[in-house]
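Take a look at the structure set out below.
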Amino acid sequence: MDQLRSVCRQAISENKAAFIIGYTEDKHHHLKPFIAHNVEETEKLTFNCNAVNNLAVFIHRFHNPSQGKIGIVLKPCDLKAINALVQENRVKREDLYVIGVNCSGVVKDQNKEFSKENTQIKCRSCASKTPAWFDVVVGESAEFELPEDDMAILMKQIDEMTPEQRLEFWNAEFEKCLKCYACREVCPMCYCEQCIADKTEPRWIESSSTTRANFTWNMIRAFHQAGRCIGCGECDRVCPADIPLSLLNRKMGMVAFKEFGYRHGTDMNAPTLIGTFSTSDHEEFIR
Amino acid sequence: MKLMKIEKGNLSKLMEHLKKDNFRVIGVTPDGKRFSEKFDETLNFMQSDTPPTSISFKEHFFLKTEALFYYKNNNGAIDLKEPVIDERKTVVIGARPCDTASLPILSKVFNWDYADDFFNRRVENSIIIGMKCNYQDDYCFCNEVGLSQNSEKGSDIFLIPDGDAFIAKTITDKGNKFIEEFAIFFEEYTGNPPAENKNGHDEKKFDYESVKKWLDNNFEHKFWDEAGETCLSCGQCAFVCPTCHCFDIVDEQCGTCAGVRAKNWDACQFSLFTKHASGHNPRDSREKRYRQRISHKFKYYNDKFSEILCTGCGRCSRGCPVSTDILELLEEIDQIAHSTTN
């Protein structure tokens, strides 16, 4: 990882970036997000198959153009979040110094070695091992064997259910929800200044954690992510109740692609789906 | 204290019997994640060397949402209705010392200026069957907070694995009565008494007293800026924790012209947690909120109730979305404390 440290060191010393959002290794040999504020701290930066977090979420917190550019370490999949945030005018491309990393997949469980079974769900449908764009790129990507896409299998099962069965499935899942909002906080696309779940006058979403109120929260979040989710799977990863949250967003994304030929986060210059109206838009599916 | 023995097969039968007898039996789910009435009936979770569940059993005593009362507009008058509480006798099985200890700890705050009838009734109505723990990973620190893998705190009956059976040690009168009532499932224990309850290892990962002393004097310190820097302000840590107990009281709609006053879990990492009606928020940054979390657990609660608000289970660290490790931070505080005194 000398290469990564060296480009990060250079980025700060040559004023290409004010600080670097990257990963560091903790005592468990797991990787966790880390902010390197100066040249000395870049020594703590590293990258390997344990780099599961999508660091794009930190852009919202540290975005202050007057301080200089944000240096950020991004995997090819996480770069889609940056594209999407540029598309949504949340951040400007020129305010970022992107350190792209070639990726060979990341693990599901950091306590275990990387293997076919031990890969993040998002890796199972990933086709981009090299970042689409960057200011500087580091690392090598290696081919790795992809296991079956569990989420795709589950999605197929749900598609085949009757609406009643589907409701039963989701009610059982949402009953488990603790309303800890880890799904929202870890999501790079959840950046509202005030989330609808936190609005108290009026209170749109009940704060109680009943099955009904949990259903409302999770469905509203899915609606707000419709055609916006970039599929990093962070919500799935962090859910303490193991609710397959990304399934909803993935389904919405598939509908957006089927009906409008649109995939969010693939082109930072493309107009957004929700922000664009065209007279040729399909309407038949709206009921 | 009395020592009995129960075969694993008999323990299964006892649980089956209790369910038929209209007990609320709570054990660990087949995925090992949580305590639930839908537990793994093979009792596969009764192994002492597996990690603790991801979510503590707190949710069965201090509910994530609890109706305090219901109200309805009745032509200008208000009709009030008491909530119906599940009054079934409860048996919790498979809880480790880092779970069971949470009940006496929580009991202090729930019986301080106001006795929380909901929590108290549930605890009184329950038999807690704790189990010796033989699991230890880099996130565990029960020894450092005054507990141990043998700690019987909060248990009514404490099980110690003994081959294909368990030595059942009665801890409370409630536990004793329970064993007498269901004596047919137990047998006399004739072996040697289990090893003395040695409280903790000799070598500690951090010294609680030094951490406490440091917290007493360092409300303002640059350590806090770094500790909470990558915190996302979600409530994962608080909600999986066996001892976090903050709640919010809300009025919400429940039917037509009717509502419910509910007590819901809240978390000190949420940005709304201390937001005043004026708009002012005394804990307006993640760093301040993270300081609150550590200080409440390891200083304020001890100052007020002479208990550490932590059982060292490590759940918050194992599940943290950004891998913040509370033990690592406590070790760091311990180091800072020592380096400044020396």
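The values are calculated or read from the model by the stated rules, or taken from the named source; none is laboratory data. Since we're looking at a predicted model, the values are computed, not measured. We place every Cβ from the backbone using ideal geometry, glycine too, and count neighbours over all the protein chains shown. Only protein heavy atoms, including side chains, enter the accessible area calculation; ligands, DNA and RNA are left aside. Shrake-Rupley method; radii C 1.70, N 1.55, O 1.52, S 1.80 Å.
What translational diffusion coefficient, in µm²/s and rounded to a whole number, does the Stokes-Einstein relation yield for the protein assembly as shown at 4 °C and a viscosity of 1.567 mPa s, taking the hydrodynamic radius as the Kirkwood radius over Cα pairs? Walk me through the numbers on the way to the answer.
On the way: Rh = 26.6 Å.
Translational diffusion coefficient: 49 µm²/s.
In degrees from 0 to 90, rounded to the nearest 10, what is the angle of the helix A:211-225 Cα long axis to the longest principal axis of chain A?
60 degrees
Am I reading the B/A interface right? What is its buried accessible area, both sides, 1.4 Å probe, to the nearest 100 Å²?
On the way: alone 17110 and 15270 Å², together 29460 Å².
Result for this pair: about 2900 Å² buried.
Can you tell me the dipole magnitude for region A:40-110 around its Cα centre, using point charges on the Cβ only (Lys, Arg +1; Asp, Glu -1), in Debye to the nearest 20? Mind dumping the intermediate values first?
On the way: 9 positive and 8 negative charges, 51 e Å.
For this selection, approximately 240 debye.
I'd like the antiparallel share, as a percent to the nearest 5, of DSSP beta bridges with both residues in the protein assembly as shown.
Details: 43 of 65 bridges.
The antiparallel proportion sits near 65 percent.
Over its Cα atoms, what ratio of radius of gyration to 2.2 N^0.38 Å does chain A give?
On the way: Rg = 19.6 Å, N = 287, 2.2 N^0.38 = 18.9 Å.
Against the compact-globule rule of thumb, the ratio is 1.04.
Calculate one ³J(HN,Hα) per residue across region B:263-274 by plugging θ = phi - 60° into the Karplus curve 6.51 cos²θ - 1.76 cosθ + 1.60, and present them in order as whole Hz with x for glycine and proline.
Whole-Hz 3J(HN,Hα) from phi for region B:263-274: 10, 10, 3, 9, 9, 6, 8, 5, 5, 7, 3, 10.
Where the eigenvalues come from the Cα gyration tensor of region A:150-260, what are the semi-axes √(5λ) of the equivalent ellipsoid, largest first, in whole Å? Working shown, then result.
Numbers: eigenvalues 95, 60, 36 Å².
Output for region A:150-260: semi-axes of 22, 17, 13 Å.
Going by the alpha-carbon gyration tensor, a ≥ b ≥ c the square roots of its eigenvalues, is region A:233-287 rounded (a/c under 1.5) or, if a/c is not under 1.5, prolate (a/b greater than b/c) versus oblate? Spell out each step's value before the answer.
On the way: a/c = 3.47, a/b = 1.78, b/c = 1.95.
Oblate is the answer for region A:233-287, as a/c is 1.5 or above yet b/c matches or exceeds a/b.
Lone cysteines in chain B, defined as no other cysteine's Cβ under 4.7 Å from theirs: which are they?
Taking the Cβ cut-off of 4.7 Å, the unpaired cysteines of chain B are B:Cys133, B:Cys140, B:Cys142, B:Cys231, B:Cys234, B:Cys246, B:Cys254, B:Cys257, B:Cys268, B:Cys310, B:Cys320.
If I model a spin label as a point 7 Å beyond the Cα along the Cα-Cβ vector, how far apart are those points for A:Asp109 and A:Gln3 in nm?
Going by the 7 Å Cα→Cβ label model, 3.1 nm.
When the distances between all Cα atoms of region B:3-188 are binned every 10 Å from zero, what whole-number percent does each bin get?
9, 35, 34, 14, 5, 2, 0
In Å and from the alpha-carbon atoms only, list the Rg and Dmax of region B:1-100.
18.1, 62
Lys and Arg at +1, Asp and Glu at -1: add these up for the other residues within a Cβ distance under 12 Å of A:Val52 and post the number. Kindly include the intermediate steps, with their values, before the conclusion.
Details: positive: A:Lys32, A:Lys75, A:Lys108, A:Lys122, A:Arg237; negative: A:Asp78, A:Asp109, A:Glu234, A:Asp236.
The answer is +1.
Could you work out how much longer the chain between A:His60 and A:Asp242 gets when fully extended? Use 0.36 nm per residue separation minus the Cα distance between them, nm to one decimal. Intermediate results must be reported in sequence, preceding the final value.
Working: separation 182, 0.36 × 182 = 65.52 nm, distance 2.59 nm.
Taking 0.36 nm per residue and subtracting the Cα distance, the gain is 62.9 nm.
Considering amide H positions built from the backbone, and no H for Pro or chain starts, which residues 5 or more places from B:Ile127, or on another chain, come under 5 Å of its amide H?
It is B:Thr90, B:Val91, B:Val92, by chain and number.
Return the average number of partner chain Cβ atoms within 10 angstrom of each residue Cβ along peptide B:67-78. Don't skip to the answer; put the middle values down first.
Working: counts 2, 0, 0, 0, 0, 0, 0, 0, 0, 0, 0, 0.
That works out to 0 on average.
With a ≥ b ≥ c taken as the square roots of the eigenvalues of the C-alpha gyration tensor of region B:193-281, please select rounded if a/c is under 1.5 and otherwise prolate if a/b is larger than b/c or oblate if it is not?
On the way: a/c = 3.25, a/b = 1.52, b/c = 2.13.
It comes out oblate by the Cα gyration axes.
If you line up the long axis of helix A:246-260 against the longest principal axis of chain A, both from Cα atoms, how many degrees apart are they, to the nearest 10?
Roughly 80 degrees, rounded to the nearest 10.
Please report the net charge: other residues with Cβ closer than 12 Å to the Cβ of A:Ile158, K and R +1, D and E -1. Display every interim value, and only then the final one.
On the way: positive: A:Lys156, A:Arg166, A:Arg250, A:Lys251; negative: A:Asp159, A:Glu160, A:Glu168, A:Glu173.
Taking every Cβ under 12 Å from that of A:Ile158, the sum is 0.
Under a 5 Å amide H to amide H cut-off, with H placed in plane at 1.01 Å, what residues pair with A:Tyr97 once short-range neighbours are removed?
A:Ile70, A:Gly71, A:Ile72
Could you work out the helix-only [θ] at 222 nm for the protein assembly as shown, with each DSSP H run of four or more residues adding -39,500 (n - 2.57) and the total divided by the number of residues, to the nearest 500 deg cm²/dmol?
Values: 21 runs with 189 residues, N = 629.
After summing the helix terms and dividing by residue count, I get -8500 deg cm²/dmol.
Below 8 Å, C-alpha to C-alpha, sequence gap of six or more: please give me the relative contact order for region A:69-131 in percent. Kindly include the intermediate steps, with their values, before the conclusion.
Numbers: 74 pairs, mean separation 25.1, N = 63.
Taking the mean separation of contacting Cα pairs over the length of region A:69-131, I get 40 percent.
Please give the per residue volume of the convex hull enclosing the alpha carbon atoms of chain B, rounded to a whole number of Å³.
Values: hull volume 55.4 nm³, N = 342.
Looking at chain B, the number lands at 162 Å³ per residue.
According to a simple spin-label model (label point 7 Å from Cα along Cα-to-Cβ), what is the distance in nm between A:Glu143 and A:Glu43?
Placing both labels 7 Å along Cα→Cβ, they lie 4.0 nm apart.
Identify all aspartates and glutamates with a Cα-Cα distance to A:Lys251 below 13 Å; exclude those on the same chain that are fewer than 8 residues away in sequence.
Within the straight-line limit of under 13 Å, A:Lys251 reaches these aspartates and glutamates: A:Asp159, A:Glu259.
When only the heavy atoms of the protein chains count and the probe is 1.4 Å, how do B:Lys222, B:Lys5, A:Lys199, B:Lys13 rank by accessible area, highest first? Let's see the in-between values first.
Numbers: B:Lys222 140, B:Lys5 50, A:Lys199 70, B:Lys13 115 Å².
Output order, biggest surface exposure first: B:Lys222, B:Lys13, A:Lys199, B:Lys5.
May I ask for log10 I(q)/I(0) of region B:208-341 at q = 0.12, 0.15, 0.16, 0.19 Å⁻¹, from a Debye sum over the Cα atoms as equal point scatterers with solvent left out?
At q = 0.12, 0.15, 0.16, 0.19 Å⁻¹ the computed log10 ratios are -0.52, -0.77, -0.87, -1.17.
Averaging over every viewing direction, what projected area does the convex hull of the Cα atoms of region B:296-342 cover, in nm²?
Result: a mean projected hull area of 4.0 nm².
Kirkwood hydrodynamic radius for region A:2-138: how many Å is it when counted over pairs of different Cα atoms?
Working: mean 1/r = 0.0662 Å⁻¹.
Averaging 1/r across every pair of different Cα atoms and inverting gives 15.1 Å.
Semi-axes of region A:77-169's equivalent ellipsoid from the Cα gyration tensor, sqrt of 5 times each eigenvalue, largest first, rounded to whole Å? Mind showing how you got there, number by number?
Numbers: eigenvalues 189, 92, 20 Å².
After diagonalising the Cα gyration tensor, the semi-axes are 31, 21, 10 Å.
In whole Å, how far is the Cα centre of region B:311-326 from that of region B:241-295?
21 Å
Enter the mean number of other protein chain beta carbons within 10 Å of the beta carbon of each residue in B:310-319, as an integer. Please list the in-between numbers first.
Numbers: counts 0, 0, 0, 0, 0, 1, 1, 2, 3, 5.
Mean number of neighbouring Cβ atoms from other chains: 1.
If you count, for each residue, the other Cβ atoms within 10 Å and average over each peptide, how do A:36-49, A:132-145 line up from highest to lowest?
Details: A:36-49: 17.3, A:132-145: 14.5.
Those peptides, ordered most packed to least, come out A:36-49, A:132-145.
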